[in-house]
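Colleague: Before anything else, here's the structure in question.
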Amino acid sequence: MAHAAPASRRMITPRRRPDVFGARTHLTVKVGLPIVLGLTYGYWAAAIRRDAGPITGWNLLFGFVTALVFALLFAAVCAVAPLLRRELHAVCWFVFAGGATGFLYSQSGASVLSSSGLGLAVGASVLAMVFYRYYTHEDAAGRRIG
């Protein structure tokens, strides 16, 4: 009589990816990335609005307020989006990327229609990319596959 061999434990237990970085590194990136990206975005928005003119106090204030709002929104999206289902997770990044791009383009003096169009185009690209990534790496409940 031939019997099937028992399945090895190696195939039954899920694989875990090793965590290369420590908790301190993760905390540094979690706090530092929104700050660095916010300052970069605020500087970029202030530079576009200044349009090679003199640097004024209002221009600096605009840059810092823009940096603060961008950093807070980015941190909020990073904190809230992973808690959502993959479709809403992708839509959250679509809204953030499209809004950030449209606002930045509007500072150049472009019309509302062209700013909205560019924001929608960039947001749709981000939506497609992020949805594909989450659709192929997560199950319907939002748990990572593999």
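The values are calculated or read from the model by the stated rules, or taken from the named source; none is laboratory data. Just so it is clear, the model here is predicted, and its values are computed rather than measured. Cβ sites come from the backbone with ideal geometry, for glycine too, and all protein chains shown count toward neighbours. We work out accessible area using only protein heavy atoms, side chains counted, and drop any ligands, DNA or RNA first. Shrake-Rupley method; radii C 1.70, N 1.55, O 1.52, S 1.80 Å.
Colleague: Going by what's in this entry, would THR136 be described as touching a Ser or Thr at 6+ places or on another chain (Cβ under 9 Å) and either among the β-branched types (Val, Ile, Thr) or open to solvent by less than 40 Å² (accessible area, probe 1.4 Å) (or both)?
Modeller: Spelling it out, it is not the case that THR136 is touching a Ser or Thr at 6+ places or on another chain (Cβ under 9 Å) and either among the β-branched types (Val, Ile, Thr) or open to solvent by less than 40 Å² (accessible area, probe 1.4 Å) (or both).
Colleague: Here's something else I'd like to know. In region 80-119, how many residues are open to solvent by 60 Å² or more (accessible area, probe 1.4 Å), assigned to a helix (DSSP H, G or I) and either under 20 Å from VAL69 (Cα atoms) or charged (D, E, K, R) (or both)?
Modeller: 6
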